[in-house]
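S.K.: Dropping the structure in here first, questions after.
The values are calculated or read from the model by the stated rules, or taken from the named source; none is laboratory data. Remember, predicted model here, so these are calculated numbers, not experimental data. Note that each Cβ is placed from the backbone with ideal geometry, even for glycine, and that neighbours are counted across all protein chains shown.
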Amino acid sequence: MSNKHSWPKWATPVLLSAAMLSACGVTPLAKSDASPAGSASSSAQAGTAQAEMDWSKLGDGSQKGKKITVLMVDTDGRVSQMVKKFTEETGIEVNFMGVDYNSLFGKITTASLSNSSDIDVIEMDTIWGGQFYEGKIATDLTNVLPKETLANYTQSSVDSVIYNSHVLAIPYYSSSKHLYWNKKLLADAGYDAPPKTWDEFREMSKKLTKNGVYGSAWSWKQAESLNIDFDTIVAAFGGKLLDDQGKLHVNSPEAVQALTYMTDLLHTDKTVDPSSLQWTEDDVKNAFSAGKIAMMINWEGMYPDLNNPDMSQVVNQSDVGLIPGQGSAKSTAVSGSEGIGIMQSSKNKQAALEFVKWIGEKEFQLDNFKEMGIYPSLKSLYEDPDMIAADSTKTLGKIVEQFQYGSNRPNAPGYVEWADIQSNEIYNALVKNKTPQQALDDAAAKIDQAIQRAAK
Amino acid sequence: MRHDALLAYVLLVPTIYILFRIFIVPIFQSSVWSLYKYNLMDGSDPKPVGFGNYADIFKLQDFWTSMGNTVYFTVFSVAAELAIGFFAALLLNHAFKGRLLFRGMIMIPWAMLTLVSGLLWNWIYQPGYGALTVVLHNLHLLPDASNPLWLSSSTKVVTFSAIADIWKMTPFMTLLLLAGLQNIPHSLYEAAVIDGAGFWKKLRHITVPQLLPTAIVAVILRIIGAYRVYDILTVFTGDAKTSTSYLTYNYAFRYFYLGKASAMAWVSTLLILILVIVYMIVLKRNQDSHL
């Protein structure tokens, strides 16, 4: 008797074959095997990629009607508006994807891992250079961008888009941290000028910390920002970030000195708001706006908010200038510049190149400054009358001066992991779990282990 | 009839294919990847290394730190959720005015996205003007001059994330236990009252044993959920050693050590599976011995 619910003989093979089919291709493939063409070796790929892009042919109208997808940081939609001008001028349609900074890395790597050609143009942070080159994510533009074009940009912004002599993007903007101070609070303590050295900073902080106000506050939550502040002070004390072998050198005597300085400010002098250990740069800006701290080290974009009565209690009381130096260094800063590059998997590289060129030109860079307060990477703009007229706070000269003292963080593929290790150990020292020497020695040992582990 | 069955199976094949591809194949794939050295971002080619990745993970100090933190988080949050959820369920089991409103209200924390909850609690835990500090000052439980940093160490971060998690997931426990409570026959309680049992005796001898099967299910579900804690920790800290999921995510999608991350995922999954199986065996034995 046939049972209605019995399993037909052929059901099992059918289901099994469906399952087996789906399990094809589980073993990891080398990037070159997994390419869409399926056969091109990496050098041949690079050759065809470069043949697709020709700087001299840009602007000839051949790309009209093409469509490119652009992925950039745009938290409030203003960049998307500015980019519309590109379409008006070149006829190339832009599918703009605006995201917050933290999502950028994830989106780019997901698109690259799945070999999708969805995204053509990407915004690239300087520290990703190594990963994007070795991981074959960004196109190598070394032989595409002419040397004369690159020479138009500030040195530190160009350095931030280069990995191991390979140019990976066009510099998008210039950025570093600056010293901001509250003129009124300083005057009340008897100072008419900001500190020029870290020793002065320390002395002034002691006099400025009173009546519920702290000398300074920092963004020392455990994240990359902690590394940036640390690297800035190490450089001021004469330490080098990289040793002769190009490895991250975290426990040089100057590094220990810098970390000791930070811990002393926090625990011995008590001139730093202890909440700094939980704060990001935005929290520091808020504390400064509320008049609770006299000095802060922060990025650009503080103005015009600091002078806006709806958002700030220190309107027209603040000024900006060089981060203090020490010894023979007048000032030091770490560059936070980013670049605009092209994905290797893009199918519209020439059209993407048009966009990349447009970003690096005066029109966009000036707009970016007027709309968002972002400083250009194009050197000539800093003497341009349009730019000077747009500078309402008259701080252009002071901001630009800092860029001369900027240095770049290493961008080898392993940097992201080493930076995490470094910030973790620095944090340990700041919360007094370890002495600065111990923390940095541990960091150096852990970085060595990480390098060995990655090579195995 | 055979034609109908054939058609049914043919129509099923695409769905089974998709389900396999999305759920089963990645699990299988990650077990294969865990046997390779597969670093996506340093230009090296994948090469088989047998159980080398597993050996590396066992030797990794950070992994054991993260396991310790995860176990602490799981035990603390599940125990608290069980205790609070149990008493909340007892309360909600009695008819009182506004009971429906309370039953609806407790769903709100549970319905919130974990990340949103994390941002909310980040504000509460702010030193100085954050809600926790302000409330403790006003209740005079904290001296006015003191301004503690709630999130300034990994242990504190895990503890306070557990508190946020307890706030969020206790409703889940409450509802499960409430459903179990409503299945206990009233006749048992009436018999106990006749025998002279008070509140605590009733609780110990009727409620708890009757509720045990439901409680086991609820606890296992919460253990598996709490073990996977990740997104709330990313709001509070950049330190990946606060949970195994966080460390595995960083290894996979921040440093792109895909081989090692796969091995790490498998080790932590196997450990929790062993724990759950042992737990169920012990409890089954306990239950059987009571009967």
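S.K.: Could you check segment A:379-416 and list, in sequence order, the residues that are in a loop (DSSP other than H, G, I, E, B) and among the acidic types (Asp, Glu)?
M.R.: A:384, A:391 - these are the residues of segment A:379-416 that are in a loop (DSSP other than H, G, I, E, B) and among the acidic types (Asp, Glu).
S.K.: State all residues of segment A:348-366 that are basic (Lys, Arg) and part of a loop (DSSP other than H, G, I, E, B); if no residue qualifies, say none.
M.R.: none
S.K.: Let me ask something else about it. Could you grab me the full set of residues in segment A:76-122 that are within 14 Å of another protein chain (Cβ to nearest Cβ) and either hydrophobic (A, V, I, L, M, F, W, C) or surrounded by 16 or more Cβ atoms within 10 Å (Cβ to Cβ) (or both)?
M.R.: Within segment A:76-122, A:104, A:105, A:108, A:109, A:111, A:112, A:113 meet the criteria.
S.K.: Here's another thing I want to ask about it. Quick one: is residue B:212 buried (at least 19 other Cβ atoms within 10 Å of the Cβ), among the hydrophobic types (A, V, I, L, M, F, W, C) and touching a residue at least 60 places away in the same chain (Cβ under 8 Å)?
M.R.: In short, no.
S.K.: Also, I was wondering about something else. So how many residues does segment B:195-231 have that are over 20 Å from residue B:82 (Cα atoms) and modelled with pLDDT under 90?
M.R.: Selection size over segment B:195-231: 5.
S.K.: Any idea which of (1) within 30 Å of residue B:210 (Cβ to Cβ); (2) in a helix (DSSP H, G or I) is the one residue B:158 doesn't satisfy?
M.R.: Among (1) within 30 Å of residue B:210 (Cβ to Cβ); (2) in a helix (DSSP H, G or I), the lone unmet condition for residue B:158 is (1).
S.K.: List the strands (runs of 3 or more DSSP E) inside segment A:292-347, counting only whole elements, that have at least 3 residues being among the hydrophobic types (A, V, I, L, M, F, W, C).
M.R.: A:293-298
S.K.: So residue B:38 clears everything in (1) in contact with a Leu (Cβ under 9 Å, 6 or more places away or on another chain); (2) without any contact (Cβ under 8 Å) to a residue 60 or more places away in the chain except one condition, right? Which one?
M.R.: (2)
S.K.: Go through the residues of segment A:130-150 one by one and say whether even a single one is within 14 Å of chain B (Cβ to nearest Cβ), among the charged types (D, E, K, R), in a helix (DSSP H, G or I) and under 25 Å from residue A:74 (Cα atoms).
M.R.: no
S.K.: Give the number of residues within segment B:259-274 that are more than 14 Å from every other protein chain (Cβ to nearest Cβ), among the hydroxyl-bearing types (Ser, Thr, Tyr) and crowded, with 22+ Cβ neighbours inside 10 Å.
M.R.: 1
S.K.: Report, by residue number, each residue of segment B:86-101 that is farther than 26 Å from residue B:212 by Cβ and aliphatic (A, V, I, L, M).
M.R.: Within segment B:86-101, B:100, B:101 meet the criteria.
S.K.: If you go through segment A:205-245 one residue at a time, how many are more than 30 Å from residue B:241 (Cα to Cα), touching a residue at least 24 places away in the same chain (Cβ under 8 Å) and in contact with a Gly (Cβ under 8 Å, 6 or more places away or on another chain)?
M.R.: Looking only at that region, the number is 8.
S.K.: While we're on this one: Out of segment B:1-40, which residues are more than 8 Å from chain A (Cβ to nearest Cβ) and assigned to a loop (DSSP other than H, G, I, E, B)?
M.R.: Passing the criteria: B:34, B:35.
S.K.: Right, another one. Determine which member of the set B:180, B:259 is modelled with pLDDT of 90 or more and touching a strand residue (DSSP E or B) at 6+ places or on another chain (Cβ under 6 Å).
M.R.: Just a single option satisfies the conditions, and that option is B:259.
S.K.: Please identify the pairs in which a residue from segment A:439-456 that is within 11 Å of chain B (Cβ to nearest Cβ) has its Cβ atom under 7 Å from the Cβ atom of a residue that is assigned to a helix (DSSP H, G or I) and not acidic (Asp, Glu), counting only partners at least 6 apart or on another chain.
M.R.: Final answer for the pair search is A:446/A:421; A:450/A:418; A:450/A:421; A:456/B:52.
S.K.: Taking only pairs six or more apart or across chains, which ones have beta-carbon atoms under 9 Å, a first residue in segment A:277-293 that is closer than 21 Å to residue A:428 by Cβ, and a second residue that is surrounded by 21 or more Cβ atoms within 10 Å (Cβ to Cβ) and of a type in the set (Asp, Glu)?
M.R.: A:279/A:273
S.K.: If you don't mind, there's one more thing I want to ask. Which residues, taken from segment B:98-122, are over 18 Å from residue B:81 (Cα atoms) and over 23 Å from the mean Cα position of the chain (by Cα)?
M.R.: Residues satisfying the conditions are B:98, B:99, B:100, B:101.
S.K.: A further question on this structure: Residue B:239 fails exactly one of the following numbered conditions: (1) more than 21 Å from the chain's Cα centre (by Cα); (2) farther than 26 Å from residue B:107 by Cα; (3) of a type outside the set (A, V, I, L, M). What is the number of that condition?
M.R.: (1)
S.K.: What residue, of B:43, B:68, B:50, is more than 10 Å from chain A (Cβ to nearest Cβ), small (Gly, Ala, Ser) and either on the phi > 0 side of the Ramachandran plot or over 26 Å from the mean Cα position of the chain (by Cα) (or both)?
M.R.: From the options B:43, B:68, B:50, the qualifying one is B:50.
S.K.: Let me ask you something else. Only residues that are touching a residue at least 40 places away in the same chain (Cβ under 8 Å) and either among the polar types (S, T, N, Q) or within 14 Å of chain B (Cβ to nearest Cβ) (or both): list them for segment A:247-261, please.
M.R.: Listed by number, the residues that qualify are A:251, A:260.
S.K.: Here's a follow-up. For the condition within 20 Å of residue B:239 (Cα to Cα), of a type in the set (S, T, N, Q), within 14 Å of chain A (Cβ to nearest Cβ) and in a loop (DSSP other than H, G, I, E, B), what is the one hit in B:152, B:146?
M.R.: Matching residue, one of B:152, B:146: B:152.
S.K.: If the requirement is being modelled with pLDDT of 85 or more, under 22 Å from residue B:228 (Cα atoms) and either in a helix (DSSP H, G or I) or within 14 Å of chain A (Cβ to nearest Cβ) (or both), which of these qualifies: B:83, B:55, B:88?
M.R.: Answer to the selection: B:83.
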